[in-house]
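Chemist: Quick one: structure below, then a few questions.
The values are calculated or read from the model by the stated rules, or taken from the named source; none is laboratory data. As the structure is a computational prediction, the values presented were derived from the model and not from experiment. Cβ placement follows ideal geometry from the backbone for every residue including glycine, while neighbour counts extend to all protein chains displayed.
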Amino acid sequence: MAADTLRLVTVPTMPQPGWYTDPYHGPGLRWWDGRGWSPHVRPPRPRPPAHTGRNERMGRYTVVSQAVLSIVVTVAVGYVMARVIGDFGPYLDTAAATPPDQVPPLPDSFVLLGALSLLGMVGWIPLVLELMWAYRCATAAAALGIPARRDPVWAMVSWFIPVISWWFPYESIRDCLPPGHPERRTVGRWWAGYVVGTTGVFAGVAAALVSTVALAAVAVVYAAVAVVTALLGLRVARAIDAAHRERMAELTGQPRPPSQIRPGQEPQHKPQQGPRHEAQQGPQHEARHEPQQGPRHEPEPEPQPQRQPQP
């Protein structure tokens, strides 16, 4: 007898339904329904920058340095300029009464002007941090698909253009948050505090011309404004990073099937839950004892008398 042989035949299995690379060389994904390719396509998943969701630290350094610089500049510039203005008139009178070969020495207040130039150089540090933070947040928001009025480049360039520098940077930071985000109003409050803080130099000079007490009062007021502005700025930086991390998680998650996506609605990716396994309960056996009945004995019919046939 010939030996029986077994031949293993592999049956190809079809892929599970899901989003796959478009076989028609499209830029995005195409839905495979388990039997064939459907007409439903999705755009390719964005690749946000590496710093997406990690800009809060730079934002924190930015707002804190701005607050410290605002307080220092208000007090220092106001005090020095008040002394320079007060010493300028008497110095001119002394120089006019002095022979030409004997020039009177400059007052100490004029020497302090050199120190203010060093303070002006230090003032570039918060501005550089502000430009870097705003640009990083704007580029991350653009990569995540968050709508914005302007290109991320304006987050840096608008600071150096007169007039528009009063609101373009604000709009660039605001547009880093998705439309309808509750913290977009906080950006407006933070920017209002920033604008008020820039007037501290003029207020300090005017108060120093009046008295030292007036300068101290102005310094206290602007210090409070700087602290409140810094707290609002920290809140904005934290909200932008949180919104970007949430948006990135939505875009990089597993997309839903096309049958579950409504027209005009962005897919919301939620963790998939496995089927619930409920404990199976066996049938309930109730012991029912019924009396056993024996076979029924029906009465036998009585024999009928047979009739004799007549001859």
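Chemist: Just to be sure, is Glu246 modelled with pLDDT under 95 and either assigned to a loop (DSSP other than H, G, I, E, B) or in contact with a His (Cβ under 6 Å, 6 or more places away or on another chain) (or both)?
Modeler: no
Chemist: Any residue at all in the range 96-113 that's in contact with a Ser or Thr (Cβ under 9 Å, 6 or more places away or on another chain), in the same structural domain as His244 (by TED's automatic domain parsing) and in contact (Cβ under 8 Å) with a residue 40 or more places away in the chain?
Modeler: No, every residue in the range 96-113 fails to be in contact with a Ser or Thr (Cβ under 9 Å, 6 or more places away or on another chain), in the same structural domain as His244 (by TED's automatic domain parsing) and in contact (Cβ under 8 Å) with a residue 40 or more places away in the chain.
Chemist: Taking Thr94, is it surrounded by 11 or more Cβ atoms within 10 Å (Cβ to Cβ) and more than 27 Å from Ser65 (Cα to Cα)?
Modeler: Yes, satisfied.
Chemist: Something else now. Taking only the range 149-182 into account, find how many residues are within 17 Å of Asp241 (Cβ to Cβ), out of contact with any Pro (no Cβ under 9 Å at 6 or more places or on another chain) and of a type in the set (A, V, I, L, M, F, W, C).
Modeler: 3
Chemist: Among the residues of the range 211-255, what is the count of those that are touching a Phe, Trp or Tyr at 6+ places or on another chain (Cβ under 7 Å) and more than 19 Å from Met58 (Cα to Cα)?
Modeler: Matching residues across the range 211-255 total 2.
Chemist: Between a first residue in the range 203-226 that is under 20 Å from Gln66 (Cβ atoms) and part of a helix (DSSP H, G or I) and a second residue that is of a type in the set (Asp, Glu) and modelled with pLDDT of 85 or more, which pairs have beta carbons less than 6 Å apart while being 6 or more apart in sequence or on different chains?
Modeler: As it stands, the answer is none, since no pair meets every condition given.
Chemist: Then there's this: Checking the structure you have, find out if any residue of the range 173-185 is among the aliphatic types (A, V, I, L, M), farther than 21 Å from Val225 by Cβ and assigned by TED's automatic domain parsing to the domain that holds Arg235.
Modeler: Yes.
Chemist: Then there's this: Of all the residues that make up the range 99-140, how many are of a type in the set (A, V, I, L, M, F, W, C) and more than 28 Å from the chain's Cα centre (by Cα)?
Modeler: 12
Chemist: Let me ask something additional. Can you pull out every residue in the range 142-158 that is over 15 Å from Tyr170 (Cβ atoms) and in a helix (DSSP H, G or I)?
Modeler: The answer is Ala142, Ala143.
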